[in-house]
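Some notes on the structure that comes next.
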Amino acid sequence: MKLGIDSYSFHRYFGEAYPGLETLPAARWSVWDFLDTAQRLAAEAVSLESCFLPVGDRDLTRALAARLDQGAIDRVWAWGHPRGLHSGQAPEALAEGIASLQDAAAVGARVMRICTGGRGTRFGTWADQREALLPLLARFEAEARALGITLAVENHIDLYADEVIDLIESIGSDHLGLCFDTANNLRLYEDPHAVARKLAPYARATHIKDVRPLGGDPETIAFWPSVPVGDGLLKMPLILEELRKAGYHGILAVEIDYLAPGHGTEEAAVTRSLAYLRGVLAGMG
């Protein structure tokens, strides 16, 4: 397994802040600033959030591919922040996802994270959502398969563990798996360690995230902020062991969303997370 960083960890530097919780820094980053940081922190891989990049800029994707190849940095392309397919209620978003597949291919990514929805997009019953999503995922998978790319559906606070498994198994393709976010199902009040046992066999990408409750409204991200990996509620050695047992050899991408107050800068939190994970992996042999 390769240690990496998801560029969303530095979302404030790309111009996005959680309203009422975060402010934007004076400095703004380009993707090159992110890659400089990833290399300085000795990351072996990156997950590039397409929401912070232009669509269809072939000069950019060629340059990104060359930079990553030169540094022997593995990569995942990430599409769908913040709401993806809106739990099937925005079929027009599929065209955006398919366009992003072309960027993923151009940058040399073999896996593209996708979101079927996000916090607040659930509607009706699970049967309603399933009926809306499966035709979209089938078309998405066919486009990805033609490019040799595997789609990885994230458990994005929109899907319970059994639901994301239902979607993946219903499509039944080697080109559709899971982007396993280690913390998001805890935010849905599922046992994160039981979820890890269920979901690890489907993982094709990951967001390695730790959280700790801060108080307030439990239906908001303010209640469940990110903390450096190892400082939260998750038993990360157990989760990584589940991934290892499942034969996962992909990227462990550290992701910070809303960083809890008192944990310093995003770079400090990511640095601490990587150091912790290196120790866990070393102990696993």
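The values are calculated or read from the model by the stated rules, or taken from the named source; none is laboratory data. Keep in mind it's a predicted model, so treat the numbers as computed, not measured. Glycine also receives a Cβ, built like all others from the backbone with ideal geometry; neighbour counts cover every protein chain displayed.
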Would you point out the residue of the stretch 219-231, among those that are small (Gly, Ala, Ser) and surrounded by fewer than 22 Cβ atoms within 10 Å (Cβ to Cβ), that is farthest from residue 263 (Cα to Cα)?
-> 222
Scan the stretch 115-137 and give yes if some residue there is surrounded by fewer than 19 Cβ atoms within 10 Å (Cβ to Cβ) and in contact with a His (Cβ under 7 Å, 6 or more places away or on another chain), otherwise no.
-> no
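So which helices (runs of 4 or more DSSP H) are wholly in the stretch 120-231 and hold at least 3 residues that are within 20 Å of residue 76 (Cα to Cα) and not polar (S, T, N, Q)?
126-147
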Scope the stretch 21-40; condition in a loop (DSSP other than H, G, I, E, B) and either surrounded by 17 or more Cβ atoms within 10 Å (Cβ to Cβ) or without any contact (Cβ under 8 Å) to a residue 24 or more places away in the chain (or both); matching residues = 23, 24, 25, 26, 27, 28, 29, 30
Restricting attention to the stretch 232-246, which residues are part of a loop (DSSP other than H, G, I, E, B) and over 26 Å from residue 148 (Cα atoms)?
-> 232, 233, 234, 235
Residue among 191, 210, 174 that is under 18 Å from the mean Cα position of the chain (by Cα) and at pLDDT 95 or above | 210
Test residue 249 against the criterion of being within 22 Å of residue 118 (Cβ to Cβ) and either outside any helix (DSSP H, G or I) or at pLDDT below 95 (or both), and give yes or no.
-> no
Give the residues of the stretch 95-105 that are closer than 23 Å to residue 65 by Cα, surrounded by fewer than 18 Cβ atoms within 10 Å (Cβ to Cβ) and small (Gly, Ala, Ser), sorted by residue number.
-> 99
